[in-house]
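What follows is one structure encoded as structure tokens, with my remarks underneath.
The values are calculated or read from the model by the stated rules, or taken from the named source; none is laboratory data. Bear in mind the structure is a predicted one, so any value in this text is a computation, not a measurement. A quick note on method: Cβ atoms are made from the backbone with ideal geometry, for glycine too, and the neighbour counts reach across all protein chains shown. Please note that ligands, DNA and RNA were not included when accessible areas were found on the heavy atoms of the full protein model with its side chains. Shrake-Rupley method; radii C 1.70, N 1.55, O 1.52, S 1.80 Å.
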Amino acid sequence: MLLGVLFALVIVVLARFQLLTLRYTLGWFLVAVSIAASGALNSVAKLLANELDLRPIELLLGFSLATLLLITVQLSITASGLTQMVRTVTESLALSEERIRRLERAGSGVSDAEKPVSS
Amino acid sequence: MATSDVVVIIPAHNEAATVAEVVKAVRAEGFPVVVVDDGSTDATGELAESAGAAVLPLVVNLGVGGALRCGFRYAVENGYRVAIQCDADGQHDPKSMHDLLRAMEEQHADLVIGNRFAAEGAMPISRSRRFAMRVLAGAARRAVGHPIGDATSGLRAIKSPLLQEFAREYPAQYLGDTFEALVASARAGYRVVSVPTTIRERQGGERSAGTAASLAFLARAFLVVTLRIGTRYRPAAAVDGARVEG
């Protein structure tokens with residue numbers, strides 16, 4: 001339980017310093033609460049482990065692993081989306097810069113011969 | 001096909017040694033050129049501009065696929081109907097571009113690939129690379145329905161509406177820009193053909209990737225072919241419909 005409370009505090013501090021967005025703060029806060037609650041729900045974990053023919057530590061490890069896997073997949077999805085966004089923004093910046101240069105050249109009286117076909 | 005409808009896209013990353021000569025050679029064939037300066041730390045952009053190319057300066061290195069999509073977006077936004085992509089290292093002979101355009105018209109193709117291994121003076125390659133090329137050529141043949149021969153060639157001509165699809169979505173991973181785009185185009189019903197083309201010694205610069213990147217590409221190519229994941233293009237009719245509605 002102590003570990004869960006400490007983890008929750010770390011999350012709150014990170015969020016206050018704006019190192020975590022609200023979206024991730026909520027997710028990690030839920031994880032912290034789960035860790036804290038797992039101590040209090042010890043008897044439930046034992047009962048469930050018996051039903052599944054597992055030791056309580058095996059059940060907890062399995063649950064932790066599944067949670068971490070889900071978080072990792074979710075972060076991979078986010079990273080993929082961000083990569084796409086960076087790519088699109090970088091391309092748009094390059095296209096805008098080329099257009100500005102072309103307009104500047106046209107404004108300073110450089111021949112139109114270098115300009116591309118307009119759409 | 002009028003050369004005013006065509007633009008040549010050259011992705012370049014630290015190709016200061018060769019880019020100006022390549023731009024001049026392509027312009028001498030009558031084509032406008034756009035160089036996508038892919039986060040170069042040398043004078044690639046400045047030299048390309050001095051040689052008469054429009055330059056799209058990417059502030060970070062996106063890789064060949066990223067640079068090419070930027071070039072395709074430029075082509076579509078500026079009203080070009082056909083884009084030809086070519087390397088900045090001087091390996092491609094600009095005179096071959098006319099062969100690509102001729103094949104595009106005569107065979108009603110949407111994507112024409114310059115086959116580096118079919119013509120006289122074909123590029124010499126190592127045994128391991130030849131094996132990888134054969135595997136890819138087999139996979140490409142299954143997707144396209146007829147032999148392509150050189151699925152990873154960087155000399156290609158692309159016609160609208162496929163050009164619009166390339167501008168919308170284009171694989172960014174190493175070599176995905178060549179193989180994956182080819183497979184996705186064929187699967188969407190676009191006509192893909194290849195023509196023999198001459199290849200020259202690299203005039204300067206370095207290879208774009210090492211063995212690890214090549215192996216990663218082969219694994220990705222396997223996933224693209226067997227699991228049908230990766231880039232997907234809309235059929236020509238759907239693209240035209242979207243353009244009319246837009």
Say whether the condition of being at pLDDT 75 or above, under 18 Å from B:ILE113 (Cβ atoms), of a type in the set (Phe, Trp, Tyr) and open to solvent by less than 60 Å² (accessible area, probe 1.4 Å) is met by at least one residue in segment B:222-242.
-> yes
Any residue at all in segment A:47-54 that is open to solvent by less than 60 Å² (accessible area, probe 1.4 Å) and in contact with a Pro (Cβ under 9 Å, 6 or more places away or on another chain)?
-> yes
Residue list for segment B:74-92, restricted to those being under 14 Å from the mean Cα position of the chain (by Cα), open to solvent by 20 Å² or more (accessible area, probe 1.4 Å) and under 17 Å from B:VAL6 (Cα atoms) | B:ASP87
Pick out the one residue from B:LEU68, B:LEU58, B:LEU111, B:LEU100 that is surrounded by 22 or more Cβ atoms within 10 Å (Cβ to Cβ), of a type outside the set (S, T, N, Q) and without any contact (Cβ under 8 Å) to a residue 40 or more places away in the chain.
-> B:LEU58
Qualifying positions in segment B:66-118 - away from chain A (no Cβ under 14 Å), more than 18 Å from B:ARG27 (Cα to Cα) and assigned to a loop (DSSP other than H, G, I, E, B) = B:GLN107, B:HIS108, B:ALA109, B:ASP110, B:ARG116, B:PHE117, B:ALA118
Condition set open to solvent by less than 20 Å² (accessible area, probe 1.4 Å) and of a type outside the set (Asp, Glu), scope segment B:21-38, selection farthest from the other protein chains (Cβ to nearest Cβ): answer is B:VAL22
Unique residue being in a helix (DSSP H, G or I) and among the hydrophobic types (A, V, I, L, M, F, W, C) when the list is A:LEU69, A:LEU20 = A:LEU69
For residues that are more than 9 Å from every other protein chain (Cβ to nearest Cβ), open to solvent by 20 Å² or more (accessible area, probe 1.4 Å) and not aliphatic (A, V, I, L, M), scanning just segment B:39-55, find the one that is nearest to B:THR152 (Cα to Cα).
-> B:SER40
Output yes when any residue across segment A:39-58 is more than 30 Å from B:VAL36 (Cα to Cα), modelled with pLDDT of 85 or more and of a type in the set (Val, Ile, Thr), and no when none is.
-> no
Pick from segment B:170-197, criterion touching a Lys or Arg at 6+ places or on another chain (Cβ under 8 Å) and open to solvent by 60 Å² or more (accessible area, probe 1.4 Å), ranking: modelled with the lowest pLDDT | B:GLN173
The lone exception for A:ALA94 - which of (1) over 30 Å from B:PHE72 (Cβ atoms); (2) at pLDDT 85 or above; (3) in a helix (DSSP H, G or I); (4) open to solvent by less than 80 Å² (accessible area, probe 1.4 Å) it fails | (1)
Segment A:100-112, subset more than 9 Å from chain B (Cβ to nearest Cβ) and part of a helix (DSSP H, G or I), residue modelled with the lowest pLDDT | A:ASP112
Condition broken by A:PHE63, with the remaining ones in (1) within 14 Å of chain B (Cβ to nearest Cβ); (2) surrounded by 13 or more Cβ atoms within 10 Å (Cβ to Cβ); (3) farther than 25 Å from B:GLY66 by Cβ satisfied | (1)
